[in-house]
C-alpha cells in the first residue's frame, strides 16, 4: 500500500511537470516569449505557484525544460517516420520533407521565440545554450542514423546542415507571412539540387 | 531670412527623425523588442516625447519606419558593392558573400526581432507586413539588376531565394551562438552548389 501511494505521487509529479511544460509551449506559441509569464503558465496548467516552484526554480529553467520536452517529442516522431523512408536517392528528398515538417511546426515557433529572447537575456542564454548544443548534436546523430551509410561522412553532414539552415530560413519566412506556394517551390528546387549532390557524391 | 529659418527647421526635423530611428535600431539590437520602450528610444535620441509623437504616433509606426530606414541604408550599400562585382560565375559566389554580409549584420538582428514580435503582436504585424512585402520586392529587384541578365528569370529567382533563405537560417544560427567556422564552411559549400546550378543553367 505504501508503494502504491508512492507511485501515485510520482505519477502525479510527472503529470504536473508535463502540464507545466505543455502550458509553457502553448504560451510561447500563442503569446510569444515576452508576454509569457510563469503566472499565466500555472493558470493554464492548473498548477499552484508552490507546485511549480517545486519543479522549476526560475522562468529560464522552465523555458529550457520546455525546449527539451518539445525536442524529445519531435525526435520520437522523426525516428518513427524515418523507419518508413525508402533506401537510395528517394531517402534524400523524403528526408528533406521530414526536416521541413519538423521545422515548420510548433517546435520551430517555440524555439525561435526562445532563441531570439536568449540573445538579449543573459540568464535564459546561460541555461538554454548547453541544452541547445546537446540537442543539435542529437539531431545530427538522428539524421546520420536515418540517412544510412551511403554517403561519405563529411558530405552527409554538409547536405544535412545546408538543409537544416535552409529550412530554418523558410520557417522564419512562414512566421512572417511569406508566400507558402513560393516556399513549396523552393523546397522542391532544393531537393533536386540535394539529389544531384547526393548522386555525384555516392557515385550512383 | 524666412526661407533660411524654414530650411533649418526642416533640417532639424529630419535630424530628429533620423535620431529616433537610429535609437530604435540600437534598442532593438541591444535590448530586443520586448524591452524596447518609446521612453528609452527618446532618452537615447535626446528627443522629447512631444517631438517624438509629432513624428510617430505609435510604437508600431516607429518600428516600421526603423525597418525602412535600415533597409534603405542596406540597399545603398549593396548597390554600391554590386558595381564592383565581376561578370560571369564569380558574380554568383561574390553575390552570395554580399548577401551574407547583409544578413549577418544589424539589419538581420533588428529585423528578426521585429518579425518575431509581429507574429504575436497584431498591431505591429498590421503596420509591418506591407512594408516588409515592399522591401522583399525591392530586394529581389536589386539582385535582379546586380545579377545581370545571363540566367533565365526563373532560375535567377530560385538561386537568389534559396540563397536568401539559407543565409537567413545561418543568421539565426549566428544569433544563437552556433559555430562560426561551420557557418563559413556551409557558405562555401552552398557557393559551389550555386555555381554548378548557374553553370548548367547558363550553358556556360
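General observations
- In degrees, nearest ten, helix A:180-202 long axis to first principal axis of chain A (Cα): 60
- For segment A:52-169, the ratio of Cα radius of gyration to the globular rule of thumb 2.2 N^0.38 Å stands at 1.16.
- Distance from segment A:90-136 to segment B:97-158 (C-alpha centre basis), Å: 22
- Over segment A:1-57: Rg over Rh, Cα atoms, Kirkwood Rh: 1.09
- Legend: mean number of C-beta atoms from other chains within 10 angstrom of residue C-beta atoms, peptide A:169-181, equals 6.
- Using a 7 Å Cα-to-Cβ projection, residue A:8 label spacings across copies, nm, ascending: 8.4
- Packing-based ranking of A:113-124, A:177-188, B:32-43 yields A:113-124, B:32-43, A:177-188, ordered from highest to lowest mean Cβ neighbour count within 10 Å.
- Each eigenvalue of the Cα gyration tensor of segment A:134-204, multiplied by 5 and square-rooted, gives one semi-axis; in descending order these are 24, 17, 7 Å.
- Angle between chain B longest axis and helix B:2-31 axis [Cα atoms, degrees, rounded to 10]: 60
- Average beta-carbon neighbours from other chains, 10 Å sphere, peptide A:112-122: 6
- For chain B, the Kirkwood estimate of the hydrodynamic radius, built from every pair of different alpha carbons, is 18.8 Å.
- Per-selection Rg to Rh, segment A:1-114 - Cα, Kirkwood hydrodynamic radius: 1.11
- Averaged over peptide A:74-84, the number of partner chain Cβ atoms lying within 10 Å of each residue's Cβ comes to 0.
- Angle between chain A longest axis and helix A:106-119 axis [Cα atoms, degrees, rounded to 10]: 80
- At 1.306 mPa s and 10 °C, Stokes diffusion of the protein assembly as shown via Kirkwood alpha-carbon radius, µm² per second: 68
- Most to least packed among A:159-165, B:193-199, B:13-19 [average Cβ atoms within 10 Å]: A:159-165, B:193-199, B:13-19
- Short-range pairs are left out: with C-alpha atoms under 8 Å and at least six residues apart, the relative contact order of segment B:58-202 is 36 percent.
- Within the listed set B:110, B:174, B:102, the residue fluctuating most in the Gaussian network model of chain B (springs between alpha-carbon atoms under 10 angstrom) is B:174.
Taken together, the values in this text are just the output of simple stated rules run on the coordinates, not laboratory data. For clarity, every value in this text was computed on a predicted model and none was experimentally measured. We place every Cβ from the backbone using ideal geometry, glycine too, and count neighbours over all the protein chains shown.
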